[in-house]
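Working notes, structure below.
The values are calculated or read from the model by the stated rules, or taken from the named source; none is laboratory data. Only a predicted model underlies this, so the values are computations on that prediction, with no experimental measurement involved. Ideal geometry is used to build each Cβ from the backbone, glycine not excepted, and the neighbour counts take in all protein chains shown.
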Amino acid sequence: METGSTTTVTTSTQIENVRRPNRWLLGCFPIAFGSIFTLAGLGVLIFAGLWPLSLWFQSLSWVEAPCKIDSASIETHSDSDGDTYSPKVTYTYVWKGDNYQGTRFAWDQTSYGSRSSIEKWMEPFPVGAKTVCYVNPKDPKDAVLLRSFPKIVLFVIPFSLIFVAVGGGVAWGVPRLIRNQQARMQMVALGQDRAAMRTMAAVSGTERSPRESATIVSRAPEQEGIPVSASVPHETGESNEPLIIEPKMGRWMNLVGILLICCFWNGIVSVFLFSMFGDKNGPPIFMMLFLTPFVLVGLGLMAAVGYTFLGLFNPKPVLVCSDRWLYAGSEFELSWMMKGNISRIRKLTVYLEGTESVTYRQGTSTRTENKLFYSLPVAELTDSESIAQSYHIVKIPDDAMHTFNATSNKIYWQVRFAGEIPWWPDVADTFEINILPPLPYRKDA
Amino acid sequence: MIQIELSHEDGREGEDWFCPGELLVVKVRWQLPKDNCELSLQVLWETEGKGTDESEAAHEMEWESEKSSGEQTFEVLMPRGPVSFDGNMLKIRWYVDCYVEALGIKARKPLMLSTTGAPIRLPEPVIPAGMAKVMKLFGMKTPPTESTPTT
């Protein structure tokens, strides 16, 4: 396969010339709105979800003590939304010869809208009844009459987490979305300003031959009647305009994926760990040795989650490809703008890569194997200005295999950004590009 | 017995490669043990190599032969892709198949979908530069690395 070629032209002036709207106001509103949601969610999560859950968990080791119900009633709370009810009891219990009085009925302190459900709940505890309560042996003044699991947390925790996630997402994501949109508009403006680009290319002596997208568009109708496989990309009705390329896999998707794997793995391992350390005779040595590699993998996954999380804050490239339809042998202009604190990037290398990927069954498992067959460094940049925004002319090799996307066998092409950041996760973003199969044969050609 | 002959639109014979969008002329001759058989013709690609095999027919035709022998000519436009390919883990091959399913008789003729007369061949896989250094340390032969584009 022949080597592709690249030409570097930095275009900071064009990008800067595109007018930027006032982003301060646009960014502040979602941050304020989202923060209120997040704080409210966190408050509910901690005080109505995690706190009762923690108390219940501690009370599992409390000691049973005889007690007598002194009073039992239902408290009514009235507000504009109507009445709610909660149980109110006092009971006397004996602990190591001393009498104490308790008022805590259960760990579930919430008020309910239905009086009958509270009545049913309190039915086993009429005034004068002799029953048992549970006493904290470290602090005998602390007791609870009903030690059952506070079921309300099963509703409160997911509900409050939704608030936290939505609020956090709005506060964090919307300002970035706005900024990205602005960057895209700038990049589109830059990409569409082909005349300006060519002038710059001409100045730098890198002007391209007239073999351009116009030829491709005029040939497109000839494809009619020629079958095209679903596993091969082909031209659609759109014209050959600059294309903003989305990352192959978003950073958030990466984080969510690795977080799920981490939770799944550590969730299973923790069950064994709890049972091992819960053993009255201490953890068995054999079991500890057996579990050690699994725990290490779990710790590695946790470190990977942290690494991926930090990577979220890395500068992010917005990539524009000058041609929507790319073929073997064609040249195209690849321009980008890095959003974020680019001064942290010591070196940025951008690669054009081709990879073979095959999936096969091995025993009962399915394996996917990838092999890189082509890697061309499009740019190696160290100065901040070029890292922030550049454009490069890239030539796809004449004998390059086009993109092929069958179920188990694939050929894919991508632009990979690799940015070195000292003492921080590196920039690692990939953008898939489609190389189309050769244009149809023409009898008169 | 089934025989398949392939030729170009202009009558050229002997060349087994066809460009995307070119007209492929397929001549089928058959001599079967009985009359009234249903014959099928497919122009298809198949994958070979390490991955699970896959295939897709670009053209498919069926016809009934009243007599036990005969011949028929078809003209099909070759599709855009995938072009014939020789990778390290994946190969894509094109064939013309003609068969009588009821009798279990099948004939196959390979062809190439290409613009050059040869399948696209991949060089050796590229390995990361760091890995190449380690391999060199151990005196192993190093394939091309990502910092030295393949030629």
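Values computed for the structure shown
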quantity: Only listed residue being under 30 Å from A:TRP413 (Cβ atoms), part of a helix (DSSP H, G or I) and not assigned by TED's automatic domain parsing to the domain that holds A:LEU319, chosen from A:LEU260, A:LEU273, A:LEU289, A:LEU301; calculated: A:LEU260
quantity: Tally of residues being at the interface with chain A (Cβ under 8 Å from one of its Cβ atoms) and either modelled with pLDDT of 90 or more or not in a loop (DSSP other than H, G, I, E, B) (or both) across region B:110-120; calculated: 1
quantity: Any hit, region A:389-396, residues being of a type in the set (S, T, N, Q), touching a Ser or Thr at 6+ places or on another chain (Cβ under 6 Å) and more than 14 Å from chain B (Cβ to nearest Cβ); calculated: yes
quantity: Total residues in region A:306-348, condition part of a helix (DSSP H, G or I) and within 20 Å of the chain's Cα centre (by Cα); calculated: 6
quantity: Yes/no for B:THR47 being out of contact with any Asp or Glu (no Cβ under 8 Å at 6 or more places or on another chain) and either within 18 Å of A:SER231 (Cβ to Cβ) or more than 8 Å from chain A (Cβ to nearest Cβ) (or both); calculated: no
quantity: Flag if A:PRO247 is under 24 Å from A:TYR307 (Cα atoms) and not hydrophobic (A, V, I, L, M, F, W, C); calculated: yes
quantity: Number of positions in region A:215-238 that are more than 12 Å from every other protein chain (Cβ to nearest Cβ) and either in contact with a helix residue (DSSP H, G or I) (Cβ under 8 Å, 6 or more places away or on another chain) or at pLDDT 75 or above (or both); calculated: 1
quantity: Count of residues meeting criterion [assigned to a helix (DSSP H, G or I), at pLDDT 80 or above and of a type in the set (Lys, Arg)] in region A:137-192; calculated: 0
quantity: Members of region B:31-48 that are of a type outside the set (A, V, I, L, M) and surrounded by fewer than 19 Cβ atoms within 10 Å (Cβ to Cβ); calculated: B:GLN31, B:PRO33, B:LYS34, B:ASP35, B:ASN36, B:GLU38, B:SER40, B:GLN42, B:GLU46, B:GLU48
quantity: Subset of region B:79-109 (residues that are outside any loop (DSSP other than H, G, I, E, B) and of a type in the set (Gly, Ala, Ser)); calculated: B:ALA107
quantity: Only listed residue being surrounded by fewer than 17 Cβ atoms within 10 Å (Cβ to Cβ), out of contact with any Phe, Trp or Tyr (no Cβ under 9 Å at 6 or more places or on another chain) and either at pLDDT below 85 or of a type in the set (Gly, Ala, Ser) (or both), chosen from A:GLY340, A:GLY278; calculated: A:GLY278
quantity: Hits in region B:56-109 - residues which are among the polar types (S, T, N, Q) and either within 11 Å of another protein chain (Cβ to nearest Cβ) or closer than 26 Å to A:TYR412 by Cα (or both); calculated: B:SER84, B:ASN88
quantity: In region A:356-404, the residues that are in a strand (DSSP E or B) and out of contact with any strand residue (DSSP E or B) (no Cβ under 7 Å at 6 or more places or on another chain); calculated: A:ARG361, A:GLN362, A:SER365
quantity: Unmet requirement for A:TRP413, which otherwise passes all of (1) in a strand (DSSP E or B); (2) more than 12 Å from chain B (Cβ to nearest Cβ); (3) over 24 Å from B:SER55 (Cβ atoms); calculated: (3)
quantity: Set A:PHE404, A:PHE373, A:PHE431, A:PHE417: member being closer than 25 Å to A:THR308 by Cα, assigned by TED's automatic domain parsing to the domain that holds A:GLU235 and surrounded by 22 or more Cβ atoms within 10 Å (Cβ to Cβ); calculated: A:PHE417
quantity: Test for A:TRP424: is it in contact with a helix residue (DSSP H, G or I) (Cβ under 9 Å, 6 or more places away or on another chain), in a loop (DSSP other than H, G, I, E, B) and among the hydrophobic types (A, V, I, L, M, F, W, C); calculated: yes
